[in-house]
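Enquirer: Pasting a structure here, questions to come.
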Amino acid sequence: MARRDTPRRPNNDGGPERTPDRRRAPQGREGSFLGRMVRRLIVWGGGVALLGVIGVAVAVLITARSLPSYDRLKSSQAGQMIVVRANDGSEIVTLGPSYGKWVPYSRIPEVMKDAMISVEDRRFREHWGVDPIGIVRSVMVRVQSGHWRQGGSTITQQLARNVFLNNSRTFDRKIREAVLAMALESKFSKNQILELYLNKVYFGGGAYGVDSAARKFFGHPGDQLTLEEAAIIAGLVKAPSHYSPTADAQAAVDRAKVVVETMKDAGNLTPAAAASANFDNVHLAAEQGQNSARYFTDWVLPQLDLVVPEVDQPIEVWTTLDPVAQRAATSSLQGNVPNGVQGALVSVDRDGAVLAMVGGTDYVTSNYNRATNAVRQPGSAWKLFVYLAALEAGYTPDDRVVDEPVTIQGWSPRNSGGTYAGPIDVRTAFAYSKNTVAAQLGNEVGFGAVANMARRFGITTPINTQPSMVLGTSDVRVIDMVRAFAEVQAKGTTVVPYGIRKVTTTDGEVLYSHRPETQQQLVPNYVAAAITDLLQTAVSTGTGRAAQIGRPVAGKTGTTSSNKDGWFLGFSSGITTGVWMGRDDARPVPGLQGGTAPARAFAAYMKVATAKRPPEPFETQLKLPQWQLEPDDEAMQANPDDYFYVDPNGNVVNQDGRRQGDGSGDADQQPVPQDENDAPPPAAANDDFLDRATGRQDSARQRQMSAPAQRPPRPGATARPLNPIGNPPQ
């Protein structure tokens, strides 16, 4: 078969057209392949992007569903804030992160909102949690400058980081931050997000939120901010420690001026308003003094675990501390303590409320609280318990005692001056702190009775019962001694020191309120009156004269051996105060005595503490119990012929020799038949009869033989002798 040639089409010049060159086909296939690859990449890229968008959307939806409610986000916080307030409501100290009070969106000043949006997220109202334009701008600045100078995080991202994440600069954290931001935007409105942010963002100095920052830096709530104050607060977010007004006021003002210009550029502030900003009118709040008051807060705050259930929300602790009294306590202690010596002061009101507490001369130098933790010997201040035991056993302030050398179980006490006054009354012995008399009284009533009295009046430390204990050789705490004197001031009833009046949330919900302790009678009223008489005399004419303040004061000095410790404790107008001075290493302090520097510090403080209280006279009139009345008084109330006693056979015998109970009856008393040889009955109750009737001779002889230090005779004491433990005869 003949091959048929394909006809050629003429070309442009009239000749036949050439057939296409098949060898160029591969080049066309290569171009088609590249096109297909580009198209595939676009398709696959779009698919991946779509899947990514879907994945992000799913992640955002899941995250949004798992987000807490708005109310829970409002209450969440990074650590608990505790605001400690004085009895007048003023703030003593804020511990932990301070969130202040929550300021609703409607009450946040517009200048505060505009300042924060202008400086932190100008497109806040336009983006959906993540701002692509802001990210691109941040990247461009990074490329141009070589380092990150501008953040791309939105306000919503910052909120997500503050509430849910940390500040680590990892890619993983940024991804989670973006997802959380978009979830927040999907669940809450812009106004809610801005409200959360402005109430939670950190402004430095422990202040979280605009209210806390406003109170810390300007001394007023966050809903009362001016333009200048709002600009200062908004400028803190970038670098809180660097721009803090309390750290560098000029740096804070310079940064605030930048904020004002930014507000003007963003259209949130008119040029005229920006030009009128005057930072010279801004008044910064004074820093709260936290020196000596921290001794008090260190004592109070651990008590929260006992009175308040576990809560994680911010709380306010309303205490008993009086700011005026606290300042007076600090200055009086610092102004009277000898050089190189420490001191402590505790002052309580009549109900036990602690008005002032100073645990050392400087909290910054030493935060050891000597008012509540240190144990030191009280010296003669311990005689409070010795004389309380003696008064309860039957002594009165007017009873006679003898100041003379004594030896008790091998121990021979000496008076501080080395002299002895001889016969004196109890009141004088206490006023001049006679050691020998205290030793005799302690020996007579029993050292165990003295220790029991100290326990009764709130001493919690170990107490020894050696004879020397009457001079204060057992260690005590200042606050315990103050409690004991406060209980004397309360007429012998219990007084428990306390420092917390109530605990509330920042919204005002009461979590705890102090309830007064049930009072118990520690000693009879006449004993409290008698010891108050002695304490008042010690200040009026005795060793505590330096503690006089121009109104009735009762108190007692205390000085230990070698002048290692000096004490003064006393009360006036319902306030009881104790002062201690000494060295932490217990070395002697030349010239330190309870009646010198401690008494002067007491007086300086009490003049301020009692200034607004009327003077109160003390109740020192004794109303003795029936068993302690003098025999002459009893004789005036009965028939003098009714003396009787019990004979050796157990029969009750009248002074005329008649036996009672012979069947004749009291109304028909007949003389017992007498033998003519019997001696005539005594005509009256003579001394020999009274000696035998009361057993006075045997008791006196027994005391002389057994007691190494005997109690000096008291007027009228023969009718009511005390038994060996100091109790009245049955």
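Each value in this text was obtained by applying a stated rule to the coordinates, not by laboratory testing. Predicted model, so just to flag it, every value in this text is computed and none were measured. Please note: Cβ atoms are built from the backbone with ideal geometry, for glycine as well, and neighbour counts cover all protein chains shown.
Enquirer: Taking amide H positions as placed 1.01 Å from N in the peptide plane, with prolines and chain starts having none, which residues 5 or more places from VAL401, or on another chain, fall under 5 Å of its amide H?
Expert: ILE424, ASP425, VAL426
Enquirer: Starting from the amide H of THR493, placed 1.01 Å from N in the peptide plane, find each other amide H under 5 Å away whose residue is 5 or more places distant or on another chain.
Expert: Residues meeting the criterion, in which the H sits 1.01 Å from N, are LEU522.
Enquirer: If you don't mind, there's one more thing I want to ask. Mind listing the phi-derived Karplus ³J(HN,Hα) values for region 543-553, rounded to whole Hz, using 6.51, -1.76 and 1.60 with θ = phi - 60°, and x for any glycine or proline?
Expert: 6, x, 4, 5, 8, 5, 10, x, 8, x, 9
Enquirer: Also, I was wondering about something else. Determine the distance separating the Cα centre of region 324-366 from the Cα centre of region 250-322; give it in Å without decimals.
Expert: 28 Å
Enquirer: Okay, moving on. Amide H neighbours of LEU511 under 5 Å, at least 5 residues apart or on other chains, H built in the peptide plane: list them.
Expert: Amide H neighbours of LEU511, under 5 Å, 5+ apart: VAL503, THR504, THR505.
Enquirer: Holding the Cα-Cα limit at 29 Å, pick out from LYS190/LYS238; LYS113/LYS187; LYS190/LYS216; LYS502/LYS556; LYS190/LYS502 the pairs that are longer than that.
Expert: Those over the limit are LYS502/LYS556; LYS190/LYS502.
Enquirer: Related question: Mind checking the dipole of region 161-293: about its Cα centre, +1 per Lys or Arg Cβ, -1 per Asp or Glu Cβ, Debye to the nearest 20?
Expert: 600 debye
Enquirer: If packing is taken as the average count of other Cβ atoms within 10 Å, what order do 429-440, 248-259 fall into, highest mean first?
Expert: Order by mean packing, descending: 429-440, 248-259.
Enquirer: So how do 299-312, 341-354, 182-195 stack up, highest first, on mean other-Cβ count within 10 Å?
Expert: 341-354, 182-195, 299-312
Enquirer: In whole Å, what is the distance between the alpha-carbon centres of region 382-419 and region 555-584?
Expert: First find each Cα centre; the distance between them is then 20 Å.
Enquirer: Just to check I understand the Karplus step: with θ = phi - 60° and J = 6.51 cos²θ - 1.76 cosθ + 1.60, what whole-Hz values come out for region 258-270, glycine and proline as x?
Expert: Couplings: 5, 4, 4, 5, 5, 4, 5, 5, 7, x, 8, 8, 6 Hz.
Enquirer: Next question. Sort the following peptides by mean Cβ neighbour count (other Cβ atoms within 10 Å, averaged over residues), highest first: 199-211, 566-578, 466-478.
Expert: 566-578, 199-211, 466-478
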